[in-house]
1. For every other residue with a beta carbon closer than 14 angstrom to the beta carbon of Ala379, add +1 if it is Lys or Arg and -1 if Asp or Glu, then tell me the sum.
2. Arrange the peptides 363-374, 310-321 so that the one whose residues have, on average, the most other Cβ atoms within 10 Å appears first.
3. Just to confirm a number: summing +1 for Lys and Arg and -1 for Asp and Glu over residues other than Leu120 whose beta-carbon lies under 10 angstrom from that of Leu120, what do you get?
4. Averaged over all directions, how much area does the convex hull of the C-alpha atoms of the range 136-228 cover when projected, in nm²?
5. If packing is taken as the mean number of other Cβ atoms within 10 Å per residue, what is the order of 172-183, 238-249, 378-389, highest first?
6. Working out 0.36 nm times the residue gap between Ser191 and Ser318, then minus their Cα-Cα distance, what length gain in nm do you get to one decimal?
7. Based on the alpha-carbon gyration tensor of the range 300-357 and its eigenvalue square roots a ≥ b ≥ c, which shape applies: rounded if a/c is under 1.5, prolate if not and a/b is larger than b/c, or oblate?
8. Take the Cα of Glu170, step 7 Å along the line toward its Cβ, and report every residue of the range 90-116 whose backbone nitrogen sits under 18 Å from that point.
Amino acid sequence: MASCRSTDSEVGQFWMHAATAAALPLNIVHKAMRHRLIFLFVLLALKACTSPEVAVDHAEDVGGSAMSTGMWLVDSAPALLIPDSSSDGAPDLLSPVAATRLSGNVIVTADRHIPSVQFLTIDGRVRREVGRRGGGPGEFQEITWLGQCAADSVFVWDGVQGRITVLNSEGDYVRQYRVPPQTASLACNRSGMLAALDMPRDFRPPAPNGTSPHFRSRVTLQDALGSVIATMDSIPALESRPLGKVTYMAVGRDELFVATAESSYVDIYSLGGSKLRAVAVDVAPRAATEQDYAAAIEHLVSMLSRDSREASRRMLASFPMPEHVPVYSGVHVAPDGTLWVNIAAPGDPVTRLRGVRPDGSRIGDLVIPQSVRVFEFGADYILGAVPWEDGTQRLAMFTLRWTEALADT
């Protein structure tokens, strides 16, 4: 019988990639490893084009606000794919953990297998590679996440070392600071406000019948120096079972969006920590199928080395699946304040992003006919990662545009 144990390095690599999407705490993974249950917690990680453009599918307005007279369009095929084997100077990427685009058309990304940050030109060539493995200033062990938490400043979170390194737009080292060891996931806006979700202290494996409580935790709002601004306690965080609910966060200009998947609503908080309201995403519950479950497992094992996948796949498949898939699998804020909610399930072959204004009015759905792990919404692009036939993932940028509706004739 194949063993489901793994090395610390393999565990760390998987966790660094999964934590940003699933809010899984690193020390939970190590605790599980001590109990020979390491791949149990993998369950909680994340989870043919016919037209050159895909328009939003407009839906009924929500909240009484008038619908706009235009629509968003997104290209169904990426305008940029990295690495592109036909281009010289392309970076080596196997599984990007995050990406952001700076104002000078520089794309910054990191890969969970590589302890460095890559600054790329807009056509996907390496402009500069920053960092190496180590513990000194500007060095990394495992890059968990990065974000543009100030204009043209990149904040890089090393989950193993428990610190954030700040780089400027050229990739030069600016400073670094510690983050609490219980931090499980981060989100930020470009004004220096960061939201940190802590690990649930009472996290435990699922019950023998496959059920799991929705573990609660704390969200902390921090400034760009790591000082605490506000805390929100008893926030639903995650479930310890396959296709379990996971909390996602996005920080807007003036508001924090917390998507717990307890219902098809997203909670909105002030940046002072006060709950303001909730907006409806209007996603009908969807019964989980064997196909959904298998796709979610494949989505997870694709982030492991090939020699770990089969044993992991068997372990994951041994747990009962939930009755329903999560109502959404990610939230993102566009520069205009629109909240885009990924209402596709992990592993779905199509990505469906539902646009909701902060006042609750619906914009419609953007549909991309492939699985996309979205990192960032820009004014005219979507940046994310897409699976590739060789088992790796590639960085992809899709063109996004607004068009005014034609007047009736």
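1. Residues close to Ala379 contribute a combined charge of +1.
2. On the way: 363-374: 20.2, 310-321: 16.8.
Descending mean neighbour count gives 363-374, 310-321.
3. Values: positive: Arg101, Arg125, Arg127, Arg128; negative: Asp123, Glu129.
Around Leu120, the surrounding residues sum to +2.
4. On the way: hull surface 27.2 nm².
Approximately 6.8 nm², given one-decimal rounding.
5. Values: 172-183: 15.2, 238-249: 24.7, 378-389: 17.7.
Order by mean packing, descending: 238-249, 378-389, 172-183.
6. Values: separation 127, 0.36 × 127 = 45.72 nm, distance 4.48 nm.
Extending this stretch completely gives an extra 41.2 nm.
7. Values: a/c = 3.87, a/b = 2.10, b/c = 1.85.
Prolate.
8. 102-108
No value in this document is a laboratory result; all are computed from the given coordinates. Note that the coordinates shown come from a computational prediction; the quantities given were computed from them, not determined experimentally. Cβ atoms come from the backbone with ideal geometry, glycine included; neighbour counts cover every protein chain shown.
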